[in-house]
Amino acid sequence: MSINPKPQSSLHLHPPLTPHFPNHLRLLITRRRTKPTRIRRRIRRSRAAPCGRRAAAARSSSSPPAIRSRNREQGAEDRAGAQRRQREASDRRERVRDGSRLRALFSEAATALKEIGSPVVMAKIDGDRYGKVASEMEIKGFPTLLLFVNGSSQAYTGGFSAEEIVIWVQKKTGAPIVTVNTVDEAQRFLKKYHTFVVGLFNKFEGSEYNEFMKAAKSDDEIQFVETSDSEVAKLLFPELKTSNVFIGMVKTEAERYTAYEGSYNMEKILEFLGKNKFPLITKLSESNTAWVYSSPVKLQVMIFAKADDFQNMAQPLEDFASKFKSKLMFIYIDITNENLAMPFLTLFGIEHANKTVVAAFDNKLNSKYLLESDPSPSNIEKFCSGLADGTIPQYYRSEPVPDNENASIVTVVGKTFDELVLNSQENVLLEVHTPWCVNCEAMSKQVVKLAKHFKGFENLVFARIDASTNEHAKLQVNDYPTILLYKSGEKEEPLKLSTKLSAKDMAVFINEELKPRGGSAKDEL
């Protein structure tokens, strides 16, 4: 293996898996093995400690109530810890899969860089074995990709395809623009690059060309190509209709050729790229999520569908998607891919959906929208028109409306929050809880005591809402449990009770804030 002893540029890659690769590409193995002594200790502990449901039941039945309560709280904490560990294990597995996926991409990129004569040398370092070096380089996780130029490092910020890696490295270490002078050179260029920006200039100088060059240096994702020959430019951009100065973008998608019609200003050119570099409908994958979220178009329409169903609706969607290009971004997500679809669908409370769902997120306003009618192309187009015009109301999750007849504590859902809380003429004490909250069960018991204590007070209603499955614009709570007192006539400014108060202290607080109809204040529980 020959290594340049003093390379001008070197690419340091830290992925977790590596078999044999060509000499110019070397990848890192970062495996943390569990030591045998630790395994033996775990076995001894598991043998020594009683476990299982029967052991827990035995401990519970022989313990005083206070201890049983602590045991329940400890059990909830243990379950939360187990869920956290499961998430961490899932994250670790995903990182391993990421490293495995990246191996082929970096191998392909390294081969391409070698073919074009790039001076970049691909190198590796084992972050576990050489922890001091990794610490000095401030590496926080794996895989990490760093580019060193004359001893100075910079983190990789490009996309995760071989073509994007090559473009990023070339722009950081060589010329940001490829010059094409002949038809043969243009044909070779077209075999290598599928998405690019082409510039036609009479001379590679002047203010217009300088702005084009600045844009090429500022953008790390798209290859720029320049030519002064209109015949060559026509080959690169077949829809070219001028022999004057011209900038256009070429993609492999349905909307293949897009001409730039703005002023020759770096910021304007980059804005044009940001709005046009994506296809009319982008398919979300594990490797392009960051790229999608970086889009300057923050109002994003998401189509969750099975592959066959989406194939049948893709053409009509593309037909009208171009009308909203500068306002809306269209994203397709395979609904059968749980890793991609589930996190989004959960936000709408429809995580188990198996039919086509059309939704939208505004990443600037942090709001979400849902098409609740049949997801036909015509309904989707109307939905998109409403999004662009700002006439579609935000969507808030809600459980079905429950039956609260004869209930001492009313169950509120997203759909009934206005009716039962905000528009009610009565005072409302609302308990906001979630199923995964450790302390919510104890607080619920306190609220039950209060409801019994204040039974008969006609102007006071006790209610609770599960914030994990119900939302409302006027209910913004981050801590659970939360107790809110909505006083009649002052519903816009609810009072927040401390969850550290006992039931008796809460009763005193309620009596001080409210004036019960008939009878004296009741603060003795």
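The values are calculated or read from the model by the stated rules, or taken from the named source; none is laboratory data. None of these values were measured; they are calculated from a predicted model. When we count neighbours, we look across all protein chains shown, and the Cβ atoms used for this are built from the backbone with ideal geometry, even at glycine.
Listed residues 409, 465; which is under 21 Å from residue 395 (Cα atoms) and among the hydrophobic types (A, V, I, L, M, F, W, C)?
Among 409, 465, only 465 is under 21 Å from residue 395 (Cα atoms) and among the hydrophobic types (A, V, I, L, M, F, W, C).
Please specify each residue of the range 409-441 satisfying the condition of being among the aliphatic types (A, V, I, L, M) and surrounded by fewer than 15 Cβ atoms within 10 Å (Cβ to Cβ).
none
Which of the strands (runs of 3 or more DSSP E) found entirely inside the range 325-436 contain at least 2 residues meeting this: assigned by TED's automatic domain parsing to the domain that holds residue 462 and in contact with a Phe, Trp or Tyr (Cβ under 8 Å, 6 or more places away or on another chain)?
427-433
Hey, can you tell me all the residues within the range 456-478 that are more than 22 Å from residue 507 (Cα to Cα) and either outside the structural domain of residue 429 (by TED's automatic domain parsing) or in a loop (DSSP other than H, G, I, E, B) (or both)?
Answer for the range 456-478, where residues must be more than 22 Å from residue 507 (Cα to Cα) and either outside the structural domain of residue 429 (by TED's automatic domain parsing) or in a loop (DSSP other than H, G, I, E, B) (or both): 467, 468, 469, 470, 471, 473, 474, 476, 477, 478.
Does residue 253 satisfy being out of contact with any Lys or Arg (no Cβ under 8 Å at 6 or more places or on another chain), closer than 30 Å to residue 110 by Cβ and either of a type in the set (Ser, Thr, Tyr) or part of a loop (DSSP other than H, G, I, E, B) (or both)?
yes
When you check residue 173 against the structure, is it surrounded by fewer than 21 Cβ atoms within 10 Å (Cβ to Cβ) and of a type in the set (Val, Ile, Thr), yes or no?
In short, yes.
Looking only at residues that are surrounded by fewer than 20 Cβ atoms within 10 Å (Cβ to Cβ) and of a type outside the set (Ser, Thr, Tyr) in the range 190-204, which one is nearest to residue 293 (Cα to Cα)?
The extreme case among them is 194.
This table checks each residue for (1) closer than 16 Å to residue 480 by Cβ; (2) of a type outside the set (Gly, Ala, Ser); (3) in contact with a strand residue (DSSP E or B) (Cβ under 7 Å, 6 or more places away or on another chain).
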site: 391; (1), (2), (3): no, yes, no
site: 394; (1), (2), (3): no, yes, yes
site: 407; (1), (2), (3): no, no, no
site: 420; (1), (2), (3): no, yes, yes
site: 446; (1), (2), (3): yes, yes, no
site: 450; (1), (2), (3): no, yes, yes
site: 454; (1), (2), (3): no, yes, yes
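Based on this model, can you work out whether residue 214 counts as in contact (Cβ under 8 Å) with a residue 40 or more places away in the chain and either buried (at least 17 other Cβ atoms within 10 Å of the Cβ) or outside any loop (DSSP other than H, G, I, E, B) (or both)?
For residue 214, the condition - in contact (Cβ under 8 Å) with a residue 40 or more places away in the chain and either buried (at least 17 other Cβ atoms within 10 Å of the Cβ) or outside any loop (DSSP other than H, G, I, E, B) (or both) - is met.
Please indicate, with yes or no, whether at least one residue in the range 477-485 is loosely packed, with under 15 Cβ neighbours inside 10 Å and either at pLDDT below 95 or within 22 Å of residue 411 (Cβ to Cβ) (or both).
yes
Have a look at 305, 321, 259, 254 and point out the one that is touching a residue at least 12 places away in the same chain (Cβ under 8 Å), within 30 Å of residue 205 (Cα to Cα) and aliphatic (A, V, I, L, M).
The conditions single out 259.
Where in the range 138-208 are there strands (runs of 3 or more DSSP E), lying fully within it, with 3 or more residues that are under 25 Å from residue 251 (Cα atoms)? Quick ask: steps written out before the conclusion?
On the way: elements: 145-149, 152-155, 177-179, 196-200.
Fully inside the range 138-208 and qualifying: 177-179, 196-200.
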